[in-house]
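**Q** Below are the structure tokens for one structure; questions will follow.
The values are calculated or read from the model by the stated rules, or taken from the named source; none is laboratory data. Worth saying up front: this structure is predicted, and the values here are computed from it rather than measured. In this analysis, Cβ positions are derived from the backbone assuming ideal geometry, glycine residues included, and neighbour counts consider all displayed protein chains. Please note that ligands, DNA and RNA were not included when accessible areas were found on the heavy atoms of the full protein model with its side chains. Shrake-Rupley method; radii C 1.70, N 1.55, O 1.52, S 1.80 Å.
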Amino acid sequence: NRRKNKDDNVLEIPSIPNPFPELCCSPFASVLSASLLPKATSRRKQVIKVYSEDDTSRALEVPSDITARNVCQLLILKNHYIDDHSWTLFEQLTHTGLGRAIEDHELVMEVQSNWVMEEENKLYFRKNYAKYEFFKNPLSFFPDHMISFPSETNAAVSHSEILQMFLSSSTYPEIHGYLHAKEQGKKSWKKLYFLLRRSGLYFSTKATSKEPRHLQFFCEFSNSDMYMSLTGKKISGAPTNYGFCFKPNKSGGTRDLKQLCADDEQSRTCWMTAIRLLKYGMQLYQNYMQPYQGRSGCSPLNITPMRSISENSLVAMDFSGHRSRIIENPTEALSVAVEEGLAWRRRGCLRLNSHGSPIAISNMGMSIHRSQSWFHHKISREEAQRLILQHGLVDGVFLVRDSQSNPKTFVLSLSHGLKIKHFQIVPLEDDGKLFYTLDDGHTRFTDLIQLVEFYQLNKGVLPCKLKHYCARIAL
């Protein structure tokens with residue numbers, strides 16, 4: 001009875017009239033259907049931790065659908081770095097000694113979901129100059145002895161056409177060569193002849209035969225990720241230091257890894273680049289083109305650094321005489337600039353002490369380089385090679401470090417031709433003054449900063465100019 005009386009009271013309340021009756025009977029009411037209205041989707045946020053080269057870290061609260069490129073953009077803005085499109089999110093599997101550069105389009109949360117709870121895997125924020133270098137210089141990535149084309153391709157194929165074949169769905173070049181493969185469940189490695197085709201990676205059971213009856217399937221890439229070995233021979237016992245492997249998503253551990261090893265860096269780079277193109281195809285090209293899409297009519301293949309109006313109007317001037325003059329000869333302008341730099345450094349070697357008297361700072365040239373981003377103090381030769389490899393084996397990637405064999409000298413470590421070379425910087429003393437040289441005293445510099453700046457503009461005795469330095473950034 002109480003419930004009935006309560007319902008009667010509710011029914012007795014007069015209904016509130018609708019102030020907008022025309023909306024209920026509008027002929028356009030069907031347009032506002034539920035399917036066309038924006039869905040109120042809640043973007044769940046999570047916290048990720050990103051490390052830098054010096055092991056400093058930063059926690060970020062990001063949406064669950066954030067990509068690796070967006071994480072890099074967020075860190076660039078927060079740390080006020082210059083965006084030169086080479087920043088990369090790097091995944092390092094600590095337990096297995098593996099690592100890879102996460103593709104710009106990949107979802108970070110999906111990458112982390114493949115991690116095992118008990119393993120201390122990390123995300124690193126660093127530069128990778130070789131990320132899309134194969135679009136700019138395919139000649140270094142696809143040597144002629146490792147690539148063959150479909151039989152219908154009779155004419156000579158240019159390297160730009162090679163990339164078009166990789167990105168095409170109809171044709172695909174074949175990559176072939178010898179690789180060391182780790183036998184499943186064993187510690188031994190076996191050298192086999194491998195072939196990369198659109199359907200996957202195969203090896204020949206009979207020498208270099210490509211007949212279908214002699215080919216055995218090794219791996220496909222849709223449900224696995226490719227990693228580079230960071231520890232060389234230590235963990236897996238590989239015959240060389242140029243290892244890479246395929247790790248299935250949601251794998252149970254090292255037993256599911258399919259490990260391979262190349263004889264040199266050029267072979268490993270060719271295999272890994274071709275597999276990236278096979279797996280992601282046009283998505284890689286879109287990632288590469290994305291920074292240039294805002295510039296109409298510009299192609300990244302022929303784009304030049306943009307200069308301001310003030311930079312274009314700058315000219316070399318000589319103020320040494322009674323009247324100033326414009327220096328027309330580029331050689332004379334360069335020599336004047338070098339002489340002015342030397343004079344500036346000579347003036348900078350005199351400072352005033354606390355009593356106001358000038359003192360010569362003789363040790364200034366010996367320590368001024370320690371504040372530079374390219375100087376890495378007392379790191380080993382192996383550590384220097386690892387840093388350069390992580391930044392990408394592009395011509396001109398370099399760093400300067402203390403020499404371990406001779407404490408008074410320094411070493412310039414430089415990447416060229418997919419190899420890392422080391423050049424000793426020797427100090428010389430002449431007439432009571434200290435100089436540094438790379439070529440037995442033919443070219444002398446008052447400090448390491450002047451030396452690096454010179455070889456950034458001139459190749460000199462080096463195989464190439466210094467272009468990109470390896471820096472230990474802090475987050």
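**Q** Subtracting the Cα-Cα distance from 0.36 nm times the residue separation, let me have the gained length for Gln286 to Lys186 in nm, one decimal.
**A** 31.9 nm
**Q** Next question, about the same structure. List every residue whose amide H lies under 5 Å from the amide H of Gly177, counting only residues 5 or more places away in sequence or on a different chain, with H placed 1.01 Å from N in the peptide plane.
**A** Excluding prolines and chain starts, which carry no amide H, the hits are Phe194.
**Q** For segment 371-469, what relative contact order do you get, as a whole percent, if you take Cα pairs closer than 8 Å and at least 6 residues apart?
**A** 22
**Q** Quick one: accessible area per residue over segment 43-127, 1.4 Å probe, rounded to a whole number of Å²?
**A** Spelled out: the 1.4 Å probe surface of segment 43-127, per residue, equals 48 Å².
**Q** Can I ask one more? Set the Förster radius R0 to 25 Å, insert the Cβ-Cβ distance between Gln73 and Lys279 as r into 1/(1 + (r/R0)^6), and round the FRET efficiency to 0.05. All intermediate terms of the calculation are to be shown ahead of the outcome.
**A** Working: r = 24 Å, r/R0 = 0.95.
So, using R0 = 25 Å, E works out to roughly 0.55.
**Q** Any chance you could check the Cα centroid distance between segment 59-91 and segment 414-441 for me, in angstrom?
**A** So the two Cα centres are separated by 37 Å.
**Q** Something else: Considering only Cα-Cα distances, which of the following residue pairs are longer than 24 Å: Lys247/Lys419; Lys49/Lys127; Lys49/Lys186; Lys49/Lys182; Lys234/Lys258; Lys136/Lys233? Mind dumping the intermediate values first?
**A** Values: Lys247/Lys419 27 Å; Lys49/Lys127 17 Å; Lys49/Lys186 36 Å; Lys49/Lys182 33 Å; Lys234/Lys258 17 Å; Lys136/Lys233 32 Å.
Check vs 24 Å cut-off fails for Lys247/Lys419; Lys49/Lys186; Lys49/Lys182; Lys136/Lys233.
**Q** Taking θ as phi - 60°, what are the ³J(HN,Hα) couplings along segment 280-286 by the Karplus curve (6.51, -1.76, 1.60), each to the nearest whole Hz, with x for Gly and Pro?
**A** For segment 280-286, the Karplus-derived couplings read 9, x, 5, 4, 5, 5, 5 Hz, x marking Gly and Pro.
**Q** When Lys and Arg each count +1 and Asp and Glu each count -1, what net charge do the other residues less than 11 Å away from Glu220, Cβ to Cβ, add up to?
**A** For residues surrounding Glu220, the net value is +4.
**Q** Would you mind computing, in nm to one decimal, how far apart the modelled labels at Ala474 and His416 are, each placed 7 Å from Cα along Cα→Cβ?
**A** That separation, rounded to one decimal, is 3.4 nm.
**Q** Next question. HN-Hα J couplings of segment 201-209 from phi, Karplus 6.51/-1.76/1.60, θ = phi - 60°, integer Hz, Gly and Pro as x?
**A** Per-residue couplings from phi come out as 9, 10, 10, 8, 8, 9, 6, 9, 5 Hz.
**Q** Using a simple spin-label model with points 7 Å from Cα along the Cα→Cβ vector, what separation in nm is obtained for Asp65 and Asp256?
**A** Taking the simple label geometry, Asp65 and Asp256 are separated by 2.7 nm.
**Q** Determine the sum of side-chain charges near His416: Lys and Arg each +1, Asp and Glu each -1, restricted to other residues whose C-beta is under 12 angstrom from that of His416.
**A** Spelling it out: positives minus negatives among the neighbours equals +3.
**Q** Could you work out how much longer the chain between Asp431 and Ser222 gets when fully extended? Use 0.36 nm per residue separation minus the Cα distance between them, nm to one decimal.
**A** Stretched out fully, the Asp431 to Ser222 stretch lengthens by 68.6 nm.
**Q** Under a point spin-label approximation (7 Å from Cα along Cα-to-Cβ), what is the Ser113-Ile82 distance to one decimal in nm?
**A** It is 3.9 nm.
**Q** At a threshold of 8 angstrom on Cα-Cα distance, excluding pairs fewer than six apart, so keeping six or more, what relative contact order does segment 43-127 reach in percent?
**A** Relative contact order for segment 43-127 comes out at 35 percent.
**Q** Something else now. What whole-number distance in Å separates the alpha-carbon centres of segment 95-114 and segment 381-408?
**A** Using only Cα atoms to place each centre, the spacing works out to 26 Å.
**Q** As an exercise, use a Förster radius of 51 Å and the Cβ-Cβ distance of Thr409 and Lys45 to find the FRET efficiency, rounded to the nearest 0.05.
**A** Working: r = 51 Å, r/R0 = 1.01.
The pair Thr409/Lys45 has a calculated efficiency of 0.50.
**Q** Also, quick follow-up: Say R0 is 25 Å: what FRET efficiency, to the nearest 0.05, do Asp264 and Arg381 get from their beta-carbon distance?
**A** According to the calculation, E is roughly 0.85.
**Q** Further question on the same structure: Please list the non-local residues whose amide H lies under 5 Å from the amide H of Ile102, H modeled 1.01 Å from N, same-chain partners needing a gap of 5 or more.
**A** Leu89, Phe90, Glu91
**Q** Mind listing the phi-derived Karplus ³J(HN,Hα) values for segment 374-385, rounded to whole Hz, using 6.51, -1.76 and 1.60 with θ = phi - 60°, and x for any glycine or proline?
**A** After applying 6.51 cos²θ - 1.76 cosθ + 1.60, I find 7, 9, 10, 6, 8, 10, 7, 4, 5, 5, 5, 5 Hz.
**Q** Could I ask something else about it? What residues qualify as long-range amide H neighbours of Tyr469, i.e. H under 5 Å apart, gap of 5 or more or another chain, H built at 1.01 Å from N?
**A** Here the answer is Phe398, since their amide H atoms fall under 5 Å of that of Tyr469.
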